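Scroll down for the structure; my scribbles are underneath it.
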């Protein structure tokens, strides 16, 4: 599977990309919400001919577009509109904010930072992917 990873913190982006590779997947890292957004614009325009992501793991608050905005754009991009989407955040979200992310932005799961340990994170993400049927 190809995993779109959008995270502005370089250390976290590298850590998650490395874990994804260890788990046998291909990371597609983006250093900002804007870079991920630009990629999705190319996908929507039919200008991207390389493999597409099968899963998205993104920070919520990033430069450019936030993870929830990117999630909504993914849902509006036919070739990838049904992929599982997980958001990460270091901020405490209220119940209403969580509900909004899940309902309005069609996010499948939200993980708080600091991220769980390696095996727990793997289990959580694989569970989301399995439930979504990816």
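Between residue 23 and residue 100, with labels modelled 7 Å along Cα→Cβ, what's the label distance in nm to one decimal, could you check? So the two model labels end up 2.8 nm from each other. Panel order for 37, 3, 23, by other beta carbons found within 10 Å of each beta carbon, from fewest to most: 23, 37, 3.
Give me the extension gain from residue 115 to residue 61: residue separation times 0.36 nm, minus the current Cα-Cα distance, reported in nm with one decimal.
On the way: separation 54, 0.36 × 54 = 19.44 nm, distance 1.53 nm.
Here the segment from residue 115 to residue 61 would lengthen by 17.9 nm.
For the range 2-129, the Cα gyration tensor yields ellipsoid semi-axes of 20, 18, 14 Å (square root of five times each eigenvalue, largest first, whole Å). Take the Cα of residue 52, step 7 Å toward its Cβ, do the same at residue 82, and the gap between the two points is 1.1 nm. Protection proxy ranking, highest mean first, for peptides 54-60, 95-101, 25-31: 54-60, 25-31, 95-101, where packing is the per-residue count of other beta-carbon atoms within 10 Å, averaged.
With labels modelled as points extended 7 Å from the Cα through the Cβ direction, what inter-label distance (nm, one decimal) is found for residue 91 paired with residue 41? A separation of 2.4 nm, rounded to one decimal place.
Calculated [222 nm] ellipticity per residue, helices only, for the chain: -13500 deg cm²/dmol; basis is -39500 (n - 2.57) per DSSP H run with n ≥ 4, divided by all residues, nearest 500.
Since every read-out is calculated from the coordinates, none of them should be taken as a lab result. Note that the structure is a prediction, hence the values are computed from the model and not measured. A quick note on method: Cβ atoms are made from the backbone with ideal geometry, for glycine too, and the neighbour counts reach across all protein chains shown.
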